[in-house]
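Notes follow once the structure below has been shown.
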Amino acid sequence: MEWLNYHHLLYFWAVAKEGSIARACERLHLAQPTISGQLRMLEETLGEKLFAKSGRGLVMTDVGQVVFRYADEIFGIGRELQDVLKGRPRGRPLRLVAGVSDLVPKLIAYRILRPAIEMAEPVQLVCDEDTPDRLLTALAEHRLDVVLSDSPITATMPVKAYNHLLGTCGVTLFAAPPLAARHRKHFPASLDGAAFLLPMEGSSLRRSLEQWFDSQNIRPRIAGEFKDGALMKTFGQAGVGIFAGPSAIVAEIRDHYKVAPVGQIDSITERFYAISVERKLKHPAVVTITEAAREKLFGDSPDSQ
């Protein structure tokens, strides 16, 4: 068995936490050559570089980030052990590190993840929002427990992971109340020439909306295009135009942004997935959020059964 020198790991963890070797020296009361030498020995043992130079400072490499996550867990358990032996037992919360695609509506992400923090067992939720490609890379490197996405991972992606369908729902159009009232009459013909706020070109929802416009012989006036869905809804709240949102969270969108539904488009279907490196989910918090999404959030949709 290959043994890991935990003193070396501690020095690495301290440098990563403090952001520089100099500050780690102050914390550990050690000389800079000592820590620098121990870091080199750890890198030689692991066969990987853990830090890279960035200007005058250091940044962790991808491997360094993986090692740091494990080191953080190891020394967290060590602190817990000391507390227990000193008669100060402290429950250690279950940790859930979730990646949320920047294309998933934030209110949907909240509704999916909320059951985790409502579990009887305390859960520490760590949320990272990024592009799907970057999140899947982090998942493959075991830096994430799960990725929430509006599209499944395909066989062409260089990541071995599995799709777990959380559910499907239709799309509802929203607008500021006066604008919604005006276009609700004679829907959907009333939308011809109406001001719309749309996702950026290339997104699946944008393509679906454009196909639906063509099928209904509707020519909208594009008042704005947005990458960030929350920003798009804020402009919609101000009355700039009509925007689309998942029908599963109509009440949340209406209450949060003070808007009103214009009409529902059942022919457009949005799908949401939990992506994991496991074929069968094992993480207790991931199991909880997937079951809650299927039974409660998307439970009324026949496709989500």
Long-range HN-HN contacts of Phe272 with modeled amide H, under 5 Å: Leu166, Gly167
Total lysine pairs whose alpha carbons fall under 18 Å of each other in the chain (8 or more apart, or interchain): 9
Taking 8 Å as the Cα distance limit and 6 or more residues as the minimum spacing, I'd like the relative contact order of the chain as a percentage. 21
With labels modelled as points extended 7 Å from the Cα through the Cβ direction, what inter-label distance (nm, one decimal) is found for Trp3 paired with Glu225? 6.2
Each residue of segment 117-128 in order: what ³J(HN,Hα) in whole Hz does its phi give by Karplus 6.51 cos²θ - 1.76 cosθ + 1.60, θ = phi - 60°, with x for Gly and Pro? 7, 9, 5, 4, 7, x, 10, 9, 9, 10, 10, 10
Assigned charges on the beta-carbon of Lys, Arg, Asp, Glu; segment 6-85 dipole about Cα centre (debye): 340
Mind checking which of Pro122, Pro33, Pro284 has the largest fluctuation in a GNM of the chain, springs on alpha carbons under 10 Å? Pro33
Kirkwood-type radius of the chain, with distances r between different C-alpha atoms, in Å: 22.4
Determine the relative contact order of segment 6-85: mean sequence separation of Cα pairs under 8 Å and six or more apart, normalised by residue count, in whole percent. 27
Quick check on segment 169-268: take the gyration tensor over C-alpha atoms, sort the square-rooted eigenvalues as a ≥ b ≥ c, and tell me if it's rounded (a/c under 1.5), prolate or oblate. rounded
Starting from 0.36 nm per residue, how many nanometres of slack lie between Thr61 and Glu73 once their C-alpha separation is accounted for? 2.5 nm
In debye, nearest 20, what is the charge dipole magnitude of segment 193-279 about its Cα centre with +1 on Lys and Arg Cβ and -1 on Asp and Glu Cβ, if you could check? 120
Rounded to the nearest 0.05, what FRET efficiency do Val126 and Asn217 give with R0 = 41 Å and r taken as the Cβ-Cβ distance? Could you check? 0.30
Pull out the extension gain between Thr154 and Phe235, defined as 0.36 nm times the separation in residues minus the alpha carbon to alpha carbon distance; nm, one decimal. 25.8 nm
Rounded to whole Hz and in sequence order, give me ³J(HN,Hα) for segment 277-294 from the Karplus expression 6.51 cos²θ - 1.76 cosθ + 1.60, θ = phi - 60°, writing x for Gly and Pro. 7, 9, 5, 10, 5, 10, 4, x, 6, 5, 4, 4, 6, 5, 5, 5, 4, 5
So, with +1 on the Cβ of K and R and -1 on the Cβ of D and E, and no other charges, what is the size of the charge dipole of the chain about its Cα centre, to the nearest 20 debye? 600
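Since every read-out is calculated from the coordinates, none of them should be taken as a lab result. Predicted, not measured: the structure shown is a model, and the values here were computed from it. Here the Cβ is made from the backbone with ideal geometry for all residues, glycine too, and neighbour counts use every protein chain on show.
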